[in-house]
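Written below as structure tokens is the structure these notes are about.
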Amino acid sequence: MLFLEKDTKVHALLMLDAIPFCCQLWDESINLIDCNNAAVSLYELKNKQEYIDRFYEFSPEYQLDGRLSKEKIKTYVKRAFAEGRCVFGWMHQMLDGTPVPTEVTLIRVKYKKKYFVVGYFRDLREHTWMMGEIEQQNKLLQTVNCISAIMLQSNTSIFESDLIHSMGIMAQAVDADRVYIWKNSTKNGQLYCSQLYEWSEGAEAMQGSKYVIDIPYKEVAPNWEEKLSAGYCVNGLVRDLTPEEQSALSPQGILSILVVPIFLKNKFWGFVGFDDCHREHIFSSIAENILRSASQLVANALIRNEEEARAQKAEEHMKIMLDATPLCCQLWNRDFKTIDCNEACVSLYGFKDKQEYLERWDKDCSPKYQPDGQRSKDKASSLLRKAFAEGQCIFEWMHQMPDGTPIPSEVTLVRVKYEDDYAIAGYTRDLRKIKKLEGEIYYDALTGIYNRRYLDENINKVIKELSRARSGTLSLIMIDIDYFKLYNDTYGHSEGDNCLKTVAKIISNSLTRDSDFVARYGGEEFTVVLPHTDEAGVHLVAKKLLKNILDAKMPHCKSDIAKYVTISIGCTTGKVNHLQSGHNYINQADAMLYVSKKNGRNRYSFEYCNG
């Protein structure tokens, strides 16, 4: 039996060290007593003892919710001893400070009449990378949408500047140093190409040089003619290309290249290229596919501009652009009747063909009412009138599948020349994936309200919108729960979390307008943003918040000012101008919050924002 027990220990140790997850062991005194080799390997340490000795160095001083890492991990270990198991997110770090987001699982186990807690944590950096890919895809789709709007509004007098601007937008979306458009020509039966337009930043411009005029494919890039004419892209590192290709590209400082073929009437017309002169990398498949559509869109705009004088061809070119874009696109005439659409519309809603889409779109593809309570039919007519009058408008719209499944979307309406009149081209971007991602990115996991990231990104958007109105007014409130540390120390962190949830809910329910929002600023602090609210309005909201929190009667026996949980408030109001930022309002409200706390708490203080 002694040998069997010894073998069992050896086997357990072998299995522990073979686990691909980092694993560690805690005793009932909340002491870290062991770990596996994966933990040592992740942090590039010499041995397990070094991991145990330096354990707290592998977490930042504070977690994302503002709590001390050292205190928070002990709380979770105690919970695991009490409840048997707990799972939570945790921010680790490498010794050089590099963040390592993880998912931690703590499990209580029994060995020889004693209990221990085994902790496993999973590195989530790959998951974070995937979210980055989703954000990059969204960025690229926004690029296509933006370019569509620019090029569709362009005319001959401003076309060249609009084209260069659009190429710059494409370059910035993929961090390219140079973007160019080349057109093919045939001489003596041989295919040549010449550069028509170039955008460059951070790289030497090549427009007009010997490298970009009348270049024969067979002599300079013998593989390109066959590959591009077959519809394939050239995507790779210059040092991996043929010697002929390297001799043409290396003198231009190119390290990485993506070349997208352009076709007109199924004929190889030319290409759009993207150069990176600062780093070696392969353009991702997502970037390649979306840039293919964007490049086709830009090239079609160029072709349309060259032939704009020919009225018969103008409608044909617009049709090419309509079907080239990966976004849903349709055309309305002056009577607000849908007269055409692209294949993306048919595909999104699952219709058989364009004709079925045109017949059913008005009645089957939007709910009767929009989320703001307006009738979809009335609101759509109003927005189309606005687009005809102003040339463009962008808004969010709730579409639906024929079976009623909601499709949140972003719609861009652009006035375009159509035959002898104008029409409206509408581009619809499906936001379902983005809305799901926003739910992960912009909401506080504990309270369910918006987080600091949402506040930072959206308050400046609010200021920008209000600055366009001569009478744009913004009020902002900073809120702090009084004596919250004493509350946590007295009732425990679990009740502290419940207190934060309750306060967040009360604040949210106290706001009655769709434009108002509340965000968790950090720890026990909250921020309320009130667009179009003057001094009188912010005073009313502040008084309402103080009363509603006190009326909730959440016991707080350690408070020096009341038997229940209370809050202190700092308020500010200002007339918005384009030189302001969110920090002007936050800093002013925070200063007023300090005054409220200094003067006894459970009150609000106000001062105008003059920043």
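Sorted from longest to shortest, the spans of the Cα atoms of segment 446-533 along the three principal axes equal 50, 22, 20 Å. At an R0 of 22 angstrom, the distance between the Cβ atoms of E71 and D27 translates into a FRET efficiency of 0.75. Only alpha carbons enter this Debye calculation for segment 338-456, each as an equal point scatterer, and the log10 of I(q)/I(0) it gives at q = 0.11, 0.18 Å⁻¹ is -0.46, -1.05.
Pairwise inverse Cα distances across segment 569-611, averaged and inverted, put the Kirkwood hydrodynamic radius at 10.4 Å. Surface composition of the chain: carbon and sulfur atoms hold 50% of the protein heavy-atom accessible area at a 1.4 Å probe.
Find out how many positive minus negative residues lie around E495, taking Lys and Arg as positive, Asp and Glu as negative, among other residues whose Cβ is under 15 Å from that of E495. Present the calculation step by step, with values, prior to reporting the outcome.
Numbers: positive: R67, K78, R79, K485, K501, K553, K558; negative: D489, D497, E524.
Counting the neighbours of E495, the net charge comes to +4.
In this calculation the C-beta distance from S467 to I107 is compared with R0 = 56 Å, giving a FRET efficiency of 0.55. Near N509, once Lys and Arg are set to +1 and Asp and Glu to -1 for all other residues with Cβ below 15 Å from its Cβ, the sum equals +2.
For segment 494-539, the Kirkwood estimate of the hydrodynamic radius, built from every pair of different alpha carbons, is 11.7 Å. Subtracting the Cα-Cα distance of R122 and D514 from their residue separation scaled by 0.36 nm leaves 137.2 nm.
Taking a straight Cα-Cα cut-off under 19 Å and skipping sequence neighbours fewer than 8 places away in the same chain, the lysines within cross-link reach of K485 are K70, K72, K74, K501, K553, K558, K563, K597, K598.
Sites listed here are GluC sites (Glu not before Pro) in segment 15-85 whose DSSP assignment is loop and whose Cβ has at most 13 other Cβ atoms within 10 Å: E28, E44, E61.
Given a Förster radius of 25 Å and the C-beta distance between Q172 and D240 as r, what FRET efficiency does 1/(1 + (r/R0)^6) yield to the nearest 0.05?
0.45
Cross-link partners of K183 among lysines, defined as those whose alpha carbon lies under 29 angstrom from its own and excluding same-chain residues fewer than eight positions apart: K139, K210, K218, K227, K265, K267, K313, K319, K417. Taking every full run of DSSP H in the chain, the ones that stretch at least 27 Å from end to end by Cα along their long axis and average -0.5 or higher on the Kyte-Doolittle scale are 125-153, 285-306.
Accessible area per residue for segment 454-611, computed on protein heavy atoms with a 1.4 Å probe, is 49 Å². For the chain, averaging the sequence separation of C-alpha pairs within contact (under 8 Å, six or more residues apart) and dividing by the residue count gives a relative contact order of 7 percent.
Placing a pseudo-label 7 Å from each Cα along the Cα-to-Cβ vector at E419 and H578 gives an inter-label distance of 4.0 nm.
Debye-formula intensities of the chain, expressed as log10 I(q)/I(0) at q = 0.10 Å⁻¹, are -1.11 (one equal scatterer per alpha-carbon, no solvent). Spin-label model, R54 to H165: label points 7 Å out along the Cα-to-beta-carbon direction sit 5.3 nm apart.
Our estimate of slack between R453 and E219, defined as 0.36 nm per intervening residue step minus the Cα-Cα distance, is 78.9 nm. If the segment from K265 to N610 were pulled out straight at 0.36 nm per residue, it would be longer than the present Cα-Cα gap by 118.2 nm. Cα gyration tensor of segment 529-597, axes a ≥ b ≥ c as square roots of the eigenvalues: rounded (a/c below 1.5), prolate (a/b > b/c) or oblate? Prolate. Taking every DSSP helix (H) stretch of at least 4 residues in the chain, weighting each as -39,500 (n - 2.57) and dividing the sum by the residue count yields a mean residue ellipticity at 222 nm of -13500 deg cm²/dmol.
The values are calculated or read from the model by the stated rules, or taken from the named source; none is laboratory data. The shown structure was predicted, so the numbers you read here are calculated from the model rather than taken from an experiment. Cβ coordinates were reconstructed from backbone atoms using ideal geometry, including for glycine residues, and neighbour counts include every protein chain displayed. Note: accessible area is taken over every heavy atom of the protein model, side chains too, but ligands, DNA and RNA are not part of it. Shrake-Rupley method; radii C 1.70, N 1.55, O 1.52, S 1.80 Å.
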